[in-house]
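**Student:** Sharing a structure below in structure tokens format, with a few things to ask.
Rule-based calculations on the coordinates, nothing more; no lab input. Since we're looking at a predicted model, the values are computed, not measured. Glycine also receives a Cβ, built like all others from the backbone with ideal geometry; neighbour counts cover every protein chain displayed.
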Amino acid sequence: MRVETNHDKVNKKAGFQKGLKDHRAHRAALFDNYDSIEEGGIRASSSYPRDLDERDNDKAVDSLQDRVSFLKKLTGDIHEEVETHNKMLDRMGNEMDSSRGIMSGTMDRFKMMLV
């Protein structure tokens, strides 16, 4: 079993932060041409032409498909990160329980020495 060092943790955190920055950088691109998201729907901006011909409509659908794919990948990445953190927290909890047991045993032996 390999023990994770502080250096490994720093590298892992730096990788996560870089990925987070990449996702934030793409966020603006996700919602360009839209003023806001209201009540679960997307409202087109006023500069967006109302009489789209079929070709423009196909382009818009393709763009939305790309954005949905990106969001799907992003949510998958978030899910993986949450799973990793949950596993790490579980390990830390188990290690704390183990340490608490060792400390309790040590304190009991120390008390016996003083009596």
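**Student:** Taking the Cβ-Cβ separation of M96 and V68 as r and a Förster radius of 25 Å, what is the calculated FRET efficiency to the nearest 0.05?
**Tutor:** So the FRET efficiency works out to roughly 0.05.
**Student:** May I ask you to evaluate 6.51 cos²θ - 1.76 cosθ + 1.60, the Karplus curve with θ = phi - 60°, for each residue of region 77-83 and list the ³J(HN,Hα) values in order in whole Hz, giving x for glycine and proline?
**Tutor:** Once rounded to whole Hz, the list reads 5, 5, 4, 4, 5, 5, 4.
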